[in-house]
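Peer 1: Below is a structure I'd like to ask you about.
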Amino acid sequence: MATPPTTAATPANSTAAGPVPATTIHTPDAGLSVAWNRVALTGGQQLPVYVAKPTGAGPFPVVLVVQEIFGVHEHITDVARRLAQLGYLALAPDLYFRLGNAAAVTDVEVLRRDFVGKTSDAQVLADLDATVAWSVSQAGDERRLGLTGFCWGGRIAWLYAAHQPRLKAAVAWYGRLQGDRTPIHPQHPIDVVALLSAPVLGLYGGQDQGIPLASDEAQRAALAAAGRRDAEIVVYPAAPHAFYADYRASYRATEAADGWRRLKAWFIAHGVG
């Protein structure tokens, strides 16, 4: 088993994503309590979790922040601080921790092979459940539970909404909807629409080379067939994949701002706030 990554400080934005542009946003932690912590798992393992929350006694509504393929790096922890500035207890667990420090990997194909390809959906869902249970110790109100995920985590957002009945709402940013089924990835979002226990907002780019418009439309059709009127797919026609990732050249400020506005409204409308 790989040694878990050191969590005394958050890794810089992943070099595997390319050069970091001037658009990168740095959210201050003024007025917040921010720290890395660890959640005790069965078998003695310790799940690293980045915690950002307002100062004060709480209880605070809880939002899980699920990482991109690149792991928990500076962009993901910055998103957690953005949510904390809105009054949430934001928790970003390092869901690759058993395999090493993904944020230090420079090759996307290595990430796909050695991290995505070795991390089972069942393990991820269990780790998220453990993080939710632990949130109570951090002044979290698990009755007001939301989740947002990006890229790899966008797919997980859909799966978690079909797994965890306490979840109130989820926002999936450009998460893959269809794909090959394998023993560790037995289902994809399109397979679980009838099982959703929480409303899901999906935010997608019309120019995403990895998630074609046909996939977005197939998900819409599956949701309609299942009678899921509380789930929604929004497609930004001119946006590529990762349009919210301000540390990448794919960033689109207008679409990112609109998506963030929709996230805030979605959480409030569905009891996360």
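Peer 1: Let me know the charge dipole size of the chain about its Cα centre in debye, to the nearest 20, where only the beta-carbon of Lys, Arg (+1) and Asp, Glu (-1) is charged.
Peer 2: In debye, rounded to 20, the chain gives about 460.
Peer 1: Something else now. With Rg and Dmax of the Cα atoms in Å as the read-out, I listed [x] 18.0, 63; [y] 17.1, 47; [z] 17.5, 51; which label goes with the value calculated from this structure?
Peer 2: [y]
Peer 1: Over 10 Å intervals from 0, what percent of Cα-Cα pairs in region 108-147 sits in each interval?
Peer 2: 26, 36, 25, 14
Peer 1: Another one. For region 99-205, evaluate the Debye formula with one uniform point scatterer on each Cα (no solvent term) and list log10 I(q)/I(0) at q = 0.16, 0.20, 0.24 Å⁻¹, rounded to two decimals.
Peer 2: -0.76, -1.11, -1.38
Peer 1: While we're looking at this one, here's another question. Read phi for every residue in region 37-43 and hand back ³J(HN,Hα) as whole Hz from Karplus 6.51 cos²θ - 1.76 cosθ + 1.60, θ = phi - 60°, with x for Gly and Pro.
Peer 2: Once rounded to whole Hz, the list reads 9, 9, 9, 6, 9, 4, x.
Peer 1: Hey, how many Å between the Cα centroid of region 70-98 and the Cα centroid of region 160-224?
Peer 2: 21
Peer 1: Something else about it: Determine the equivalent ellipsoid of region 141-273 by diagonalising the alpha-carbon gyration tensor, then write out the semi-axes as square roots of 5 times the eigenvalues, largest first, rounded to whole Å.
Peer 2: Here the semi-axes work out to 21, 19, 13 Å.
Peer 1: While we're here: Could you give the length gained on full extension between residue 264 and residue 136, defined as 0.36 nm per residue of separation minus the Cα-Cα distance, in nm? Mind showing how you got there, number by number?
Peer 2: Numbers: separation 128, 0.36 × 128 = 46.08 nm, distance 2.23 nm.
Result for the pair: 43.8 nm of gain on full extension.
Peer 1: Sort 252-265, 26-39 by the packing proxy (mean of other Cβ within 10 Å over each peptide's residues), most packed first.
Peer 2: By packing density, highest mean first, the sequence is 252-265, 26-39.
Peer 1: Indicate, rounded to the nearest 5 percent, the antiparallel portion of the DSSP beta bridges found entirely in region 42-191.
Peer 2: Approximately 25 percent, going by the DSSP bridge assignments.
Peer 1: Next up: Could you name the lysines in cross-link range of residue 264, using Cα to Cα under 29 Å and dropping any fewer than eight places away on the same chain?
Peer 2: 53, 168
Peer 1: Here's a follow-up. Are there any helices in the chain, counted as whole DSSP H runs, that stretch 20 Å or more along their axis by Cα and score at least -1.0 on average by Kyte-Doolittle, and if so which?
Peer 2: Helices meeting the span and hydropathy rule in the chain are 121-135, 253-269.
Peer 1: Oh, and also: Binning at 10 angstrom from zero up to the longest distance, how are the C-alpha pair distances of region 212-251 distributed in percent?
Peer 2: 26, 40, 27, 7
Peer 1: Using the heavy atoms of the protein chains alone and a 1.4 angstrom probe, what is the accessible area of region 139-273 per residue in square angstrom?
Peer 2: 40
Peer 1: Please list 268, 76 in order of solvent-accessible area, largest first, computed with a 1.4 Å probe with all protein chains present.
Peer 2: These residues rank, largest area first, as 268, 76.
Peer 1: Moving on. Would you mind telling me which residue in 210, 87, 100 has the biggest mean-square fluctuation in a Gaussian network model of the chain, where springs connect alpha carbons within a distance under 10 angstrom?
Peer 2: Among 210, 87, 100, the largest mean-square fluctuation in the Gaussian network model of the chain belongs to 210.
Peer 1: Let me ask you something else. Tell me the carbon and sulfur percent of the accessible area for the chain, rounded to whole percent, probe radius 1.4 Å.
Peer 2: Its accessible area is 56 percent carbon and sulfur atoms.
Peer 1: So, one more: Rounded to the nearest 20 debye, what is the charge dipole size of region 137-236 about its Cα centre when +1 sits on each Lys and Arg Cβ and -1 on each Asp and Glu Cβ?
Peer 2: Charge dipole, region 137-236, about its Cα centre: 260 debye, nearest 20.
Peer 1: Moving on to the next point. Regarding region 18-156, what is the average projected area of its C-alpha convex hull, in nm²?
Peer 2: Result: a mean projected hull area of 8.5 nm².
The values are calculated or read from the model by the stated rules, or taken from the named source; none is laboratory data. Model, not experiment: these values are computed from the prediction. FYI the Cβ positions are ideal-geometry reconstructions off the backbone, even for glycines, and counts take in every protein chain you see. Calculation scope for accessible area: heavy atoms of the full protein, side chains included, ligands and nucleic acids excluded. Shrake-Rupley method; radii C 1.70, N 1.55, O 1.52, S 1.80 Å.
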